[in-house]
């Protein structure tokens, strides 16, 4: 019974430390620039969205346009 418990603990520790951390493969540059509040322009937001992909928290509606409220406001059509 003790061996079984030890095996379970070992498997669990391997599972927790086997790279299942969501930030494990995040590029270094992305660790400081993930949010729109950290950007200074639309071009910078686009650069970091492309560089950081799924780690960037700048495209809430997933349409490929980052920071729409702060920096990259789409052109409004006038009728």
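If you take the alpha carbon radius of gyration of the range 26-79 and divide it by 2.2 N^0.38 Å, what ratio comes out, to two decimals? List each step's numbers first, then the result.
Details: Rg = 11.5 Å, N = 54, 2.2 N^0.38 = 10.0 Å.
Rounded to two decimals, the normalised Rg is 1.15.
Would you order 26, 1 from fewest to most other beta-carbon atoms within 10 Å of each residue's own beta-carbon?
Details: 26 16, 1 5.
So the ranking, lowest neighbour count to highest, is 1, 26.
Simple spin-label model, 7 Å along Cα-to-Cβ: residue 61 to residue 75 in nm?
1.8
Evaluate the distance, in nm, between pseudo-label points positioned 7 Å from the Cα of residue 51 and of residue 37 along their respective Cα→Cβ axes.
The answer from the label model is 2.1 nm.
With an 8 Å Cα cut-off and a minimum separation of 6 or more residues, compute the relative contact order for the range 35-79 in percent. Don't skip to the answer; put the middle values down first.
Values: 37 pairs, mean separation 16.4, N = 45.
So the answer I get is 36 percent.
Every read-out reported here was derived from the displayed coordinates using simple, explicitly stated rules and does not represent laboratory data. Everything numeric in this text was worked out from a predicted model, so none of it was measured. Cβ sites come from the backbone with ideal geometry, for glycine too, and all protein chains shown count toward neighbours.
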